[in-house]
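Worksheet: the structure to be examined is printed underneath.
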Amino acid sequence: MPERILNAATKMSDLTTAKVGEIQNVTKLAKMLAMNALIEAARAGDAGRGFAVVANEVTNISQQITSIATELQGLFADEAHDLRATAQTVRGSRLSDLALYVIELIDRNLYERSCDVRWWATDSAVVDGCVKVDDPTAVTWASKRLGVILDSYTVYLDLWIADRHGRVIANGRPDRYSVAGLDVSSAGWFRQAMGTHDGGEYAVADIETNEQLGGKQVATYATAVRAGGEVDGEVIGAMGIFFDWEAQADSVVHSINLPPEELERTTILIVDRDNKVIASSDKKIKNGEALSLRLNGAEKGSYLLDDDSIVAYALTPGFETYKGLGWRGVIIQKPSQKDAVQANRPGVNKVNKNAGFVKRPQMAL
């Protein structure tokens, strides 16, 4: 719909300009004929006076027509401008809805991760592994059990169990990641997991690179392992699960269904609470790059840049018991070639120009 409105506005503006030009050419010709008639009337003397009156009237009518055509052109230009502004508003609303969809999609995904960690921490093999940390059989069984889980959940890189002192005692992919014995006592996820009040609580860390997992970016979820797997049982260890952020986030930002022509000029992003990019459909925009968004305190909205690109954004609303981490979905869409040509024409008013791009590492949007 926004594209149709913009196309209609452009066609109306082009048609008006062409037709007014034709009218002006006709009136110019009429004025020239009237001028020639006046010259001939003057040569004819008294016999040409009546003809001179007609020629003057033709000149006056031509001037009136020119004035009406100019006024009409201005009115149509204003209407075309209003249509373009309306189309931009509709497009901005549509794109901000898509930005909300993106962040909701990722939050629904991460909500499931928060459920997974709390559920798996009560698994009997996990609990026994933390109780019998010196029993190779119990630890091996816990590792095998984690491996079985990973076979069914392809969104994780690995699952770890640490004892109460922060020593990793088992993981689901020991053949790929040799982390047994690793000290994670200073890791944020472990400390937060050990500090949970009951089995209904969990910890979540910001997106980070985990060197022990091949330098991959992960979203880490953790909770305490409790005696007997009880909600209020004694804390006997911690479980950390490592969501394969790069692969899963990439699939989300490429999941938006847009027409090919529109998709090729659209960039879809997920940014953290500090507006740092943590996922992008444009490989030229690297994770960690900061955006300077003009939010003006709004949770959802859009605005135009100086080049007529639209920036749309939406703050996470959370999902179920997962309140989110203050992340946003952001969509940047460049104008089509037709829109860019129209926007750069002389006399076309600019509206809602709030910011421009600046050089990295921070982009002003």
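Tally Lys and Arg at +1 and Asp and Glu at -1 over the other residues with C-beta under 12 Å from the C-beta of residue 101: what net charge comes out? It works out to a net charge of 0.
Here's how it looks for residue 158: its modeled amide H is under 5 Å from those of 242, which are all 5 or more places away or on a different chain. Rounded to the nearest whole Hz, the Karplus-based 3J(HN,Hα) values (6.51 cos²θ - 1.76 cosθ + 1.60, θ = phi - 60°) of the stretch 156-170 follow the sequence 10, 7, 6, 10, 10, 10, 10, 6, 5, 8, x, 9, 5, 9, 7, with x at glycine and proline. Taking a sphere under 15 Å around the Cβ of residue 154 and counting the other residues whose Cβ falls inside, with K and R at +1 and D and E at -1, yields a net charge of -3.
From least to most packed, judged by other beta carbons within 10 angstrom and beginning with the fewest, 143, 152 follow the order 152, 143. Over the stretch 182-233, the Kirkwood radius and the radius of gyration, each from Cα atoms, give a ratio Rg/Rh of 1.03.
Two decimals, Cα atoms only, Kirkwood Rh: what is Rg/Rh over the stretch 152-211?
0.96
Around the amide H of residue 301, modelled in the peptide plane, lie the amide H atoms of 313, all under 5 Å away and 5 or more residues distant in sequence or on another chain. Extension gain, residue 292-residue 22: 0.36 nm per intervening residue step, less the Cα-Cα distance, totals 92.4 nm. The phi torsions of the stretch 262-267, fed into the Karplus equation with coefficients 6.51, -1.76 and 1.60 and a -60° offset, translate into couplings of 7, 5, 5, 10, 10, 10 Hz, rounded to whole numbers, with Gly and Pro shown as x.
Bear in mind these aren't lab numbers, they're just calculated from the coordinates by the rules spelled out. All of these numbers come straight from a predicted model, not from anything done at the bench. Every residue, glycine among them, receives a Cβ derived from its backbone with ideal geometry; neighbour counts consider all protein chains shown.
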